[in-house]
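A.B. asks: Just passing along the structure, written as structure tokens.
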Amino acid sequence: MASPHITATGSHPTQLAEQPAGQPVEHPAGRPAEQPARRSPNSPRTTHRSDDHATALTHALVAAGRGYSVIPLTRAKLPAVRSPHHADRSPHPCRGACGRPGHGIHDATSDPLAVRRLFAAAPWATAYGIACGVPPHHLIGIDLDTKHGADGLTALRLLAAEHHFTLPPTVTVHTPSGGRHLYFSGPPAPPVPNSAGRLAPGIDIRGTGGYLVGPGSRTSRGTYHLAPGTPRTPAPAPAALIDLLPPQTPPHPHPHSLHHPSAQPSPPPHPHPAPALLRFVRTSPDGQRNARLFWAACRAYESGLGQEMATALTTAALHTGLTEREARATIASAARH
């Protein structure tokens, strides 16, 4: 990876396992392979479904052999083993103490025999999840999205430039939507919580209690696969990146503490983002000028500097070759985002 070690089209630096050929075949999630009526057991649909299950299990076992805790998932990316307590009304849900499978992320394991048992309990599983926040890697997953106008990759590059850190080459997984997952090892404590879009639009965090869809998984959207030459183990997350992650929310804050000034710690001083935002726009390569301007403008508005920086952002965009009309339209779009 060139600094900050992420490019818009490529990846970077050995595969968990070779990606099998073939396309996934649609089937109802949660339905055992033998249930479709009046269908030969050797029909293409049944065969492909069985192949997808075997492929997911193979990849999950490889991941488990590298220390990751895994669970089987459906094509909808949900835990595949049905809860044995689905009819219970208890206010205190079981998290696996009963000893039976079906507790979602609490079933995650790196024991090969246990992994096989979980997949045997869900023959419809065509994917697997990798648990975050557990030993030995204490995995932090950075999910960079490209849907609905978001560009998590550009947003992460902006954050790295603004906060002066470099992202090391690490395990990278390409997603069917065109996004990617970055795997980093984190500290054992404090736990890193899950969040969606709080770090920046298009960036979701998978931490303790969350999971990433593992490479080799086949879902209703397509296949997840490792980037060519990706490292075998996750790199340590940069300290500056960890500092940016949203803190763990207290489980039960006192109702009055949210309104009492002395009850809240003073936020750390935040560096003025304007120079980094303008520099990020001015150095836009061809093909990324609008995307960079849009995200810089979004960041400016989030910081309360949108109106103040609009003219400077327009000037920076003109430097890249955009017309004034294009620049103003992009900034206006960011203001409405």
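A.B. asks: Taking K and R as +1 and D and E as -1, what net charge do the other residues with C-beta under 12 Å from the C-beta of Ser284 add up to? All intermediate terms of the calculation are to be shown ahead of the outcome.
C.D. replies: Numbers: positive: Arg157, Arg279, Arg282, Arg289, Arg292; negative: Asp286.
Surrounding charge for Ser284 is +4.
A.B. asks: Within a Cβ distance under 12 Å of Thr223, other residues only, what is the Lys/Arg minus Asp/Glu net charge? Let's see the in-between values first.
C.D. replies: Working: positive: Arg75, Arg218, Arg221; negative: Asp52.
Net charge in that neighbourhood comes out at +2.
A.B. asks: For labels at Arg66 and Ser220 in the simple 7 Å Cα→Cβ model, what's the distance in nm?
C.D. replies: 2.9 nm
A.B. asks: Multiply the residue gap between Arg198 and Arg232 by 0.36 nm, knock off their C-alpha separation, and tell me the result in nm, one decimal place.
C.D. replies: Values: separation 34, 0.36 × 34 = 12.24 nm, distance 2.88 nm.
Residue separation times 0.36 nm, minus the Cα-Cα distance, leaves 9.4 nm.
A.B. asks: Classify the range 143-203 from the C-alpha gyration tensor, please: rounded if a/c falls under 1.5, else prolate or oblate depending on whether a/b exceeds b/c. Could you put the intermediate results ahead of the total?
C.D. replies: Numbers: a/c = 1.43, a/b = 1.31, b/c = 1.09.
Because its axes are fairly even, with a/c under 1.5, the range 143-203 counts as rounded.
A.B. asks: Evaluate E = 1/(1 + (r/R0)^6) for Ala239 and Arg82, where r is the Cβ-Cβ distance and R0 equals 51 Å; express this FRET efficiency to the nearest 0.05.
C.D. replies: 0.80
A.B. asks: What length, rounded to one decimal in nm, is gained on full extension from Asp111 through to Ala97, with 0.36 nm per residue of separation minus their alpha-carbon distance? Display every interim value, and only then the final one.
C.D. replies: On the way: separation 14, 0.36 × 14 = 5.04 nm, distance 1.76 nm.
Result: 3.3 nm gained on full extension.
A.B. asks: OK, next. In nm, to one decimal, how far is the Gln307 label point from the Ala329 one, both placed 7 Å along Cα→Cβ?
C.D. replies: Roughly 2.5 nm, to one decimal.
Computed from the coordinates by the stated procedures, all read-outs in this text should not be read as laboratory data. From a predicted model like this one, the values you see are computed outputs, not experimental measurements. Neighbour counts run over all protein chains shown; Cβ positions are idealised from the backbone, glycine included.
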